[in-house]
Amino acid sequence: MTELAPDFELANVGPGPDPCSLRDLAADNEFVVLLFQRDFYCTNCREQIQDVKERYGEFRERDAIVASVLPEDRERAAEWQSSYDLPYPLLADPEAVASDAYDQPVRFGILGRFSDFLGRMPEVVVVDCRDGPPTVAWSYAGESTFDRPTIDDILAELDRLREAAPAEGSPRNG
């Protein structure tokens, strides 16, 4: 059984609609790549969004749009956008609504849920929007702040998914 991708609506401080929903992102793209970040201060997250920016054309060539989800308020997210001028949506998720809906990993139990800095781990989710409602096609849940797929890993997964026709009703999680 295929897992439907949870819809969300979050403030967007980058390009695209504001507020921005999964519905908006899926409308004109075959794939949506969601980058769930740890927090505003995470240097690995900052490096990841800049690496994606440098190679964003490769995502667009695969009919994929990227959206970075930051568990911070709009003002904090706007600071990232001001610093990095991302060519893709940068979504503020201060209540971790989307992060929780996509099961972004959190360590240290209650303490980790209380403090994103202590507990929230990075996650990447690829949503397939080609046939029917958007579905989770692949996800990578980090076990540490450094544990995240490379840009090449994500692009290779997009290539694999593009080559495989979406099979209705079959599991597509990786």
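Throughout, read-outs are computed from the coordinates displayed, never taken from laboratory work. Small disclaimer: the values here were computed from a predicted structure and weren't measured. Positions of Cβ are generated from backbone atoms using ideal geometry, with glycine treated the same way; all protein chains shown enter the neighbour counts.
On C-alpha positions alone, give me the angle between the axis of helix 151-163 and the longest principal axis of the chain, in degrees, nearest 10.
30 degrees
Run the numbers for Arg46 and Arg130: contour at 0.36 nm per residue of separation, minus the present Cα-Cα distance, in nm.
Residue separation times 0.36 nm, minus the Cα-Cα distance, leaves 27.3 nm.
For Val69, enumerate residues with amide H under 5 Å from its amide H, sequence gap 5+ or separate chain, H modeled in the peptide plane.
Leu35, Phe36, Gln37, Leu91
For a quick check of your reading of the filter: which chymotrypsin sites (Phe, Trp or Tyr not before Pro) in segment 1-91 sit in a DSSP loop and have no more than 13 other Cβ atoms within 10 Å?
For chymotrypsin sites (Phe, Trp or Tyr not before Pro) across segment 1-91 that sit outside H, G, I, E and B with at most 13 neighbouring Cβ atoms in 10 Å, the list reads Tyr41.
Which is the longest stretch in the chain that no exposed loop site breaks, taking sites as GluC sites (Glu not before Pro) with a DSSP loop state and at most 15 other Cβ atoms within 10 Å?
4-94
For helix 74-84, report the angle its Cα long axis makes with the longest principal axis of the Cα atoms of the chain; keep it between 0 and 90° and round to the nearest 10°.
80 degrees
For helix 43-54, what angle does its Cα long axis make with the longest principal axis of the chain, in degrees from 0 to 90 and rounded to 10?
Approximately 40 degrees, to the nearest 10.
Which whole-Hz couplings ³J(HN,Hα) result when phi for each residue of segment 91-104 is put into the Karplus expression 6.51 cos²θ - 1.76 cosθ + 1.60, θ = phi - 60°, listed in order with x for Gly and Pro?
Values per residue, Gly and Pro as x: 9, 8, 10, x, 9, 6, 5, 5, 4, 5, 4, 9, 6, 4 Hz.
Full extension from Ser82 to Leu4: what is 0.36 nm times the residue separation minus their Cα-Cα distance, to one decimal in nm?
24.8 nm
Could you give the length gained by full extension between Asp147 and Val97, i.e. 0.36 nm per residue of separation minus their alpha carbon distance, to one decimal place?
Working it through step by step, the gained length comes to 15.8 nm.
Between Asp159 and Ala27, what is the label-point separation in nm under the 7 Å Cα-to-beta-carbon projection?
Reported label-point gap for Ala27 and Asp159 is 3.2 nm.
Once you measure Cβ to Cβ distances between cysteines in the chain, which Cys have no partner under 4.7 Å?
Cys20, Cys129
Distances over 22 Å make up what percent of all Cα-Cα pairs in segment 12-162?
Everything past 22 Å amounts to 34 percent.
Once amide H atoms are placed 1.01 Å from N in the peptide plane, what residues at a sequence separation of 5 or more from Asp18, or on another chain, have their amide H within under 5 Å of its amide H?
Here nothing satisfies the definition.
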